[in-house]
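Asks: Here's a structure for you.
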Amino acid sequence: MKLNRRSFFKVMGATGAAVAGTAAGTALTVQPKEAHGSTGPSISPDAVGCLIDTTLCVGCRKCEQACNKRHHLAKPEESFNEMAVLEKERRPDETSYTIVNKYYPKNIGSLTWRRRPTFVKFQCMHCNDPSCASACIVGALTKEPNGPVIYDAAKCIGCRYCMIACPFQIPAYEYFNALDPEVRKCTFCFEYIKKEGGLPACAQVCPREVITFGKRSDLLELAHWKMKNDPGKYVDHIYGEHEVGGTSWLYLASEPFETIGFPELGTKAPPRLTEAIQHGLFQYFAAPIGLYAVLGGIMWATGFYGKKHSFKE
Ligand code: SF4
Ligand code: SF4
Ligand code: SF4
């Protein structure tokens, strides 16, 4: 195997890479990409997104299957027709860019009449100001002006800062791939949606039309219209409208979002914090101990501790 800079870092692993990078000095210098300015990336007013109306979802898992097929991902042990998997809360991983979870009603009061569980499809939120992209020291993750946050495996050195920085704990790593592992996450079917009429596979297949694809601004208008025209059906909150500076994927629900697997996040994007890595580690060659302090701060700020296996805090 030819050991280039990228594969060297990947084989060394994140900790080893950080230490080796400091020790090796200029021989392995990685040029940091330009850090985001304080205003974040510029998003086109025509940027696209998806609106997920969780009240329509029946948990059929067709979206999971369509995503698996389109991206040639490994087949799961359990068939996509197996509904028992919904009884356990799952998260996207390196072989499942999207998963559907089932949440039983927990609330009382005005919502007690709702007996059916809520099904929620999760995937990368394609944040407007993505922490994963800001944390990435080599620019392997980028926010496209039209919405998707995409990954370039050719640039990735396997440091996995993106995994720590993401407030939704989305990026997954191919630990099983010893020689050339990649970070994996929902691509927003980038190659398809840039074509005229192209749709994300999940949106295309959904038999209940849970997922509406379109301009983010139109989706927000649609979401507000739905809430206004069906009073009492939805909680007064469009998840992703403001969270972490806004996301391309938006959600409507009949239950408070914190009861159906969504983390409670502020309106400010965490990237401002993750920029410390780029400025500190590779520009000034901070000691590993400083790096760990920065990573610890990011993990605390994004609620990484305590939600390892859940979207919820
Ligand atoms: S295909 Fe549609 S209805 Fe079925 S689980 Fe996915 S989002 Fe829900
Ligand atoms: S959800 Fe996570 S992986 Fe997706 S764009 Fe946002 S920060 Fe990046
Ligand atoms: S947008 Fe594409 S990659 Fe993302 S969950 Fe849907 S089908 Fe999978």
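The values are calculated or read from the model by the stated rules, or taken from the named source; none is laboratory data. Everything numeric here is computed off the predicted structure, so don't read it as measured data. Note that we place each Cβ from the backbone using ideal geometry, even for glycine, and neighbour counts take in every protein chain shown.
Asks: Residues in the range 159-171 that are touching a strand residue (DSSP E or B) at 6+ places or on another chain (Cβ under 9 Å) and either of a type in the set (Ser, Thr, Tyr) or modelled with pLDDT under 95 (or both): how many?
Replies: Here the count works out to 1.
Asks: Continuing with the same structure: Residues that are part of a loop (DSSP other than H, G, I, E, B), crowded, with 16+ Cβ neighbours inside 10 Å and modelled with pLDDT under 95: does the range 57-64 have at least one?
Replies: No - not one qualifying residue is present in the range 57-64.
Asks: Check the range 211-218 and report whether any residue there is part of a helix (DSSP H, G or I), at pLDDT 95 or above and surrounded by 21 or more Cβ atoms within 10 Å (Cβ to Cβ).
Replies: The answer is yes; a qualifying residue exists.
Asks: Mind checking whether some residue in the range 102-124 is buried (at least 17 other Cβ atoms within 10 Å of the Cβ), away from ligand 2 (no atom under 16 Å from the Cβ) and aromatic (Phe, Trp, Tyr)?
Replies: yes
Asks: Among the residues of the range 176-189, is any at pLDDT 95 or above, crowded, with 18+ Cβ neighbours inside 10 Å, more than 16 Å from ligand 1 (Cβ to nearest atom) and aromatic (Phe, Trp, Tyr)?
Replies: no
Asks: Here is a follow-up. Consider the range 139-151. How many of its residues are within 15 Å of residue 126 (Cα to Cα) and in a loop (DSSP other than H, G, I, E, B)?
Replies: Residues that pass the stated criteria total 6.
Asks: Can you give me the number of residues within the range 127-138 that are touching a Lys or Arg at 6+ places or on another chain (Cβ under 7 Å) and not in a loop (DSSP other than H, G, I, E, B)?
Replies: Of the residues in that region, 1 qualify.
Asks: Next question. Scanning for something of a type in the set (Phe, Trp, Tyr), within 16 Å of ligand 1 (Cβ to nearest atom) and in contact (Cβ under 8 Å) with a residue 60 or more places away in the chain, does the range 160-168 turn up at least one residue?
Replies: no
Asks: I'd like to know if the range 256-267 contains one or more residues that are under 29 Å from residue 95 (Cβ atoms), assigned to a loop (DSSP other than H, G, I, E, B) and among the aliphatic types (A, V, I, L, M).
Replies: Yes, that holds for at least one residue.
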